[in-house]
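The values are calculated or read from the model by the stated rules, or taken from the named source; none is laboratory data. Since we're looking at a predicted model, the values are computed, not measured. Cβ placement follows ideal geometry from the backbone for every residue including glycine, while neighbour counts extend to all protein chains displayed.
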């Protein structure tokens with residue numbers, strides 16, 4: 001829109017110019033002096049009118065700009081957004097924020113939300129005789145035996161919300177943090193010794209600082225990558241889930257839950273000799289100890305070999321004292337993992353073996369079985385009521401195999417078979433041999449980046465009947481307040497929706 005000033009403004013400018021010209025002429029100076037008072041008064045009036053007109057014009061320009069900034073309403077026939085379009089729009093907004101952080105500060109932000117539903121065909125009653133009443137904190141509900149994170153059965157659950165924040169700096173100092181909320185955080189917090197001042201496990205804590213460490217690359221050879229702080233363990237094919245969702249199944253193996261640690265706090269360094277060989281060495285406070293619980297340190301190591309593009313072998317190990325205030329009792333574990341991407345497109349096979357041993361004395365909490373538990377005859381631990389002391393070394397062994405087939409870009413089938421032997425009951429509270437078979441379907445939802453649907457069936461089996469049933473023993477029974485009968489097997493179904501960004 002073109003904005004012009006009226007003819008009155010033009011004529012006034014011309015009159016002012018003519019008056020100035022007359023004032024410069026000598027012969028008319030006297031006349032101008034006589035008329036000066038009248039002319040100045042007229043000019044002041046005209047200037048005031050001009051200022052008023054300019055103010056009005058500024059108001060009109062402001063109005064025009066505001067009208068141009070208005071977003072036109074959507075067409076009347078426009079359809080509402082679908083759920084996929086809405087999630088996609090939210091993902092784009094998150095991506096824009098992440099891009100701004102990465103560009104301006106070098107910070108990467110990722111996250112994951114995992115919601116699940118679980119159902120146990122045994123309908124295990126773990127109320128320990130507590131049936132109703134006014135006590136809202138009484139033990140009750142339904143718990144899957146010998147599971148890691150999927151412990152609450154027959155209901156909906158916020159399994160995990162993970163927030164991953166990292167800054168990667170070439171040649172400089174960076175950091176990595178993983179903040180976890182939900183059931184995963186609850187289990188990790190209960191398994192971690194966070195302080196010698198208050199060493200007891202934390203229950204019903206929906207937050208866990210799972211990883212928080214500094215990074216620095218020492219300029220030596222190809223570069224030594226250092227990590228200082230708290231980080232996840234090197235051991236195991238399965239890992240604590242993050243935004244990358246590296247695990248093939250919803251539930252976790254016995255090796256992951258009972259055979260190896262979750263996290264360490266210490267210093268580790270990784271060096272790549274070439275594209276096929278790398279090594280990691282570290283020293284830390286031990287298994288899941290943010291604060292060391294004895295006078296010794298644990299050492300960890302990993303040798304990674306990639307002889308071909310389709311095969312890899314990782315050899316993990318850890319050694320050190322883990323008993324409270326007893327640095328002479330050493331625990332060690334060795335855990336090789338082999339992966340083969342077969343010539344069949346989309347098919348990979350993974351094998352894992354674990355052997356671990358610990359010297360005595362070992363404090364153990366006996367588990368319940370209606371068939372009895374031989375650990376109950378062992379010497380009671382004088383420092384831990386309800387625990388017993390094993391005055392001999394203990395070992396545990398496990399083997400797991402994975403068959404993973406990507407049918408296409410969206411559909412994946414994953415099978416896990418596992419055998420786990422707790423020879424002395426030091427890991428599960430029962431001397432037993434466990435086995436499980438798990439079938440999982442993973443489906444990446446088309447049109448929504450990062451949205452994954454999962455379905456899983458799992459069968460557990462043991463020779464020591466550790467799995468609870470639905471019937472609590474009567475008060476007259478020697479088994480009260482536990483189940484009158486426990487089972488050798490357990491069958492569960494799970495469904496999950498996972499969104500990663």
Restrict the check to the range 291-307 and report whether at least one residue is surrounded by fewer than 17 Cβ atoms within 10 Å (Cβ to Cβ), touching a residue at least 40 places away in the same chain (Cβ under 8 Å) and either under 30 Å from residue 198 (Cβ atoms) or within 24 Å of the chain's Cα centre (by Cα) (or both).
yes
For residues that are farther than 16 Å from residue 339 by Cβ and part of a helix (DSSP H, G or I), tally how many sit in the range 255-312.
4
Just checking, which of 425, 417, 435 is touching a strand residue (DSSP E or B) at 6+ places or on another chain (Cβ under 9 Å), in a loop (DSSP other than H, G, I, E, B) and within 16 Å of residue 254 (Cα to Cα)?
425
Of the residues in the range 384-414, those that are more than 30 Å from residue 438 (Cβ to Cβ) and touching a residue at least 12 places away in the same chain (Cβ under 8 Å) come to 384, 386, 387, 388, 389, 390, 391, 392, 393
Residues that are within 29 Å of residue 340 (Cβ to Cβ) and either surrounded by fewer than 16 Cβ atoms within 10 Å (Cβ to Cβ) or under 24 Å from the mean Cα position of the chain (by Cα) (or both), drawn from the range 420-436:
433
Do we find that residue 243 is under 26 Å from residue 413 (Cα atoms) and either more than 19 Å from the chain's Cα centre (by Cα) or surrounded by fewer than 22 Cβ atoms within 10 Å (Cβ to Cβ) (or both) in this structure?
yes
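Let's see how each residue does on (1) within 14 Å of residue 428 (Cβ to Cβ); (2) modelled with pLDDT of 95 or more; (3) under 36 Å from the mean Cα position of the chain (by Cα):
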position	(1), (2), (3)
327	no, no, yes
334	no, yes, yes
337	no, yes, yes
350	no, yes, yes
374	yes, no, no
378	no, no, no
390	yes, no, no
Report the residue count in the range 188-206 for those that are surrounded by fewer than 11 Cβ atoms within 10 Å (Cβ to Cβ) and either under 23 Å from the mean Cα position of the chain (by Cα) or over 23 Å from residue 428 (Cβ atoms) (or both).
5
Selection from the range 460-478 of residues in contact with a strand residue (DSSP E or B) (Cβ under 9 Å, 6 or more places away or on another chain) and part of a loop (DSSP other than H, G, I, E, B) yields 463, 464, 465, 466, 469, 470, 471, 473
Checking the condition out of contact with any helix residue (DSSP H, G or I) (no Cβ under 6 Å at 6 or more places or on another chain) and within 24 Å of residue 434 (Cα to Cα), which residue from 354, 375, 347 passes?
375
Within the range 151-176, track down each residue that is over 19 Å from residue 111 (Cα atoms) and touching a helix residue (DSSP H, G or I) at 6+ places or on another chain (Cβ under 9 Å).
151, 152
Would you please name the residue that is nearest to residue 263 (Cα to Cα), looking only at residues in the range 196-209 that are touching a helix residue (DSSP H, G or I) at 6+ places or on another chain (Cβ under 6 Å) and in a strand (DSSP E or B)?
208
Of the numbered conditions (1) assigned to a strand (DSSP E or B); (2) surrounded by fewer than 17 Cβ atoms within 10 Å (Cβ to Cβ); (3) at positive phi, residue 372 fails exactly one; give the number of that condition.
(1)
The lone condition residue 334 fails out of (1) in contact with a strand residue (DSSP E or B) (Cβ under 6 Å, 6 or more places away or on another chain); (2) surrounded by fewer than 17 Cβ atoms within 10 Å (Cβ to Cβ); (3) not in a strand (DSSP E or B) is (3)
Looking only at the range 221-239, filter to residues that are at pLDDT 95 or above and not in a strand (DSSP E or B); which one of those is surrounded by the most Cβ atoms within 10 Å (Cβ to Cβ)?
235
Determine if the range 352-359 includes at least one residue that is over 29 Å from residue 201 (Cα atoms) and touching a residue at least 60 places away in the same chain (Cβ under 8 Å).
yes
